[in-house]
1. What ratio of Cα Rg to 2.2 N^0.38 Å holds for the stretch 226-314?
2. Dipole size in debye (nearest 20) for the chain around its Cα centre, Lys and Arg Cβ +1, Asp and Glu Cβ -1?
3. Okay, which of the stretch 20-34 sit inside 16 Å, backbone N to the point 7 Å along the Cα-Cβ direction of Q44?
4. How do 181-189, 198-206, 87-95 rank on mean C-beta neighbours within 10 Å, highest first?
5. Starting with the fewest neighbours, write out V279, V105 ranked by other beta-carbon atoms found within 10 Å of each beta-carbon.
6. Return the subset of K6/K38; K72/K281; K43/K309; K6/K28; K120/K191 for which the Cα-Cα distance in this structure is over 32 Å, preserving the input order.
7. In nm, to one decimal, how far is the modelled label at L171 from the one at E258, with both set 7 Å along Cα→Cβ?
8. Kirkwood Rh and Cα-based Rg: tell me the resulting Rg over Rh for the chain, rounded to two decimals.
Amino acid sequence: MCGHMKSKHQNFHFISWPELGYQQFLSKRNGEQRLGEKNVDVKQAQFVILGIEESVGPRNNLGEAGAENGFKAFCAKFLNMQSTNTLVGDTVCLLGAVKSSDNLVIRPDMVEELDDFATKVIDRFISPEQVLIVVGGGHNNAFSIINSKRKSLNCRLNVVNLDAHADYRALETRHSGNPFSYANDKGLMGKYFVLGLHHRYNNVATLNGLLRDQHYFTFFEDYIDRSRSLYEDIDFVATELTASDLPFGIELDMDAIENMPSSAVSSSGWSMMQARYYVRKLSRIQGCVYLHLPEAAPRNEVEMLLVGKALSYLVSDFISCHPFSNFKRLST
């Protein structure tokens, strides 16, 4: 596997798993099998995990740095989870990471460079039959994921997103606030479902764009008032996805989780239990082709521990509930 792919202007590069050096986080124990001991070749894997270590997208969207640290935090915890019959490690490949170059001076045009490069990495390594899991980086990378899957599957994708922000801003300079409006404009998306928008953090143009393009969205404040039920709305989305002929992807912006270290950390949001239910429920539906967990932005040791475990729970939930894992479990 080539570990030295570089973007057009060399502001981003791909490093394969062996060269990342994150195996140092693995702690072996006699009589136990850890997920980090079972990493398989990408061609044999059902689930391929790609890290993205950058905060160019969030910073171009007036957010904070730190999203470049999420994947490293994830690896430190995920590698040490148990490989058992409910999550078999030999179905999973940790592919590597797309990383921003050191001492990068942020410029507005860099997200488009990252769009192109991340798309090429996914195109090169991920087959249409494999399920992609992307951890870390900004929500801007949703565009590359959808773009690559659209090409490989030769059809549009439905997308469901648990997020405080619709990320459906104007088609201006690319950043973490407009991946889905760009994906829609390029004809990559089918239906877009976004749950739990915060009234005060979505502008009028964004909401009008969602209405114009006939997407589905709900507001977090309605759940506070108990005029809506998150679980009923997830059930509704699940029904819509099941009835559709299109494959779909699951998005979960980590800033939607209460007090999660992120580029737009909030004291008001979903609990981890609610976030895990969202992932577990939707991942069981046939046709799910990717999971994307962006925007976690740990900046110190305590935050690295919190983020690492949260991301690991969500990824392990996704894999263990996905039909591919069910098939593997029943066949062993």
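No value in this document is a laboratory result; all are computed from the given coordinates. Keep in mind that what you see is a predicted model, and the values were worked out from it rather than measured. Reconstructed Cβ throughout: ideal geometry from the backbone, glycine too, with neighbour counts over all protein chains shown.
1. 1.17
2. Dipole about the Cα centre, nearest 20: 800 debye.
3. Answer for this model: 34.
4. With the highest mean Cβ count within 10 Å placed first, the list reads 87-95, 181-189, 198-206.
5. V105, V279
6. Distance filter (> 32 Å) returns K6/K28.
7. Between L171 and E258, the simple spin-label model gives 4.0 nm.
8. Rounded to two decimals, Rg/Rh equals 0.94.
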